[in-house]
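Input: a single structure, listed below in structure tokens.
The values are calculated or read from the model by the stated rules, or taken from the named source; none is laboratory data. Being a predicted model, the structure only gives us computed values, none of them experimental. Cβ placement follows ideal geometry from the backbone for every residue including glycine, while neighbour counts extend to all protein chains displayed. Heads up: the accessible areas ignore ligands, DNA and RNA and are worked out on the full protein's heavy atoms, side chains in. Shrake-Rupley method; radii C 1.70, N 1.55, O 1.52, S 1.80 Å.
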Amino acid sequence: MYNPRSASRPEGFARALEVLSEAGCGERIVIFARALTTPEEKIETVILRDAQPEMADMRTLVIVANSATRRVGRWVYAPRHVR
């Protein structure tokens, strides 16, 4: 999700997190990548049930991983083929 939350529309992203949680995605990895390539860059990885709407703003890219995605140290790995 690109530009998921702003001061004029804060409720939409909160609802998106609710929908994903209700769909049983609470253990999915979510990556919050804010202000990439700037001195304010911040990348945070959490599981969906710990994600808060306030973690995103209009400078944030939010990636919701698939069910096969795993953390490997500080990296996130999504295999191409799940068997």
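Going 7 Å from the Cα of ARG59 along its beta-carbon direction, which residues of segment 1-15 have the amide nitrogen within less than 19 Å of the resulting point?
Counting only backbone N, you get 1-10.
Grab the DSSP H runs of the chain that are 4 residues or longer, score each as -39,500 (n - 2.57), total them, divide by all residues and round the 222 nm result to the nearest 500 deg cm²/dmol.
Calculated from helices alone, the mean residue ellipticity at 222 nm is -4500 deg cm²/dmol.
Work out the FRET efficiency for GLU44 and HIS81 from their Cβ-Cβ distance, taking R0 = 41 Å, and round it to the nearest 0.05. Don't skip to the answer; put the middle values down first.
Values: r = 28 Å, r/R0 = 0.69.
About 0.90, to the nearest 0.05.
So what's the net charge close to ALA14: Lys and Arg +1, Asp and Glu -1, counting the other residues with Cβ under 10 Å from its Cβ? Kindly include the intermediate steps, with their values, before the conclusion.
Working: positive: ARG5, ARG15; negative: GLU11, GLU18, GLU54.
In short, -1.
Could you tell me which GluC sites (Glu not before Pro) in the chain are loop residues by DSSP with no more than 14 other beta carbons within 10 angstrom of their beta carbon?
Hits after loop and neighbour filter: GLU27, GLU40, GLU41.
Just to confirm, what accessible area per residue do you get for the chain at 1.4 Å probe, in whole Å²?
Details: 5870 Å² over 83 residues.
Using a 1.4 Å probe on heavy atoms only, each residue of the chain averages 71 Å².
Per the 1.4 Å probe, what fraction of the accessible area of segment 1-80, in percent, lies on carbon and sulfur atoms?
Ligands and nucleic acids excluded, carbon and sulfur give 53 percent.
Report the relative contact order of the chain, percent, no decimals, based on alpha-carbon pairs under 8 angstrom and at least 6 residues apart.
Once normalised by length, the contact order is 33 percent.
Per residue and in Å³, how big is the convex hull formed by the alpha-carbon atoms of the chain?
100
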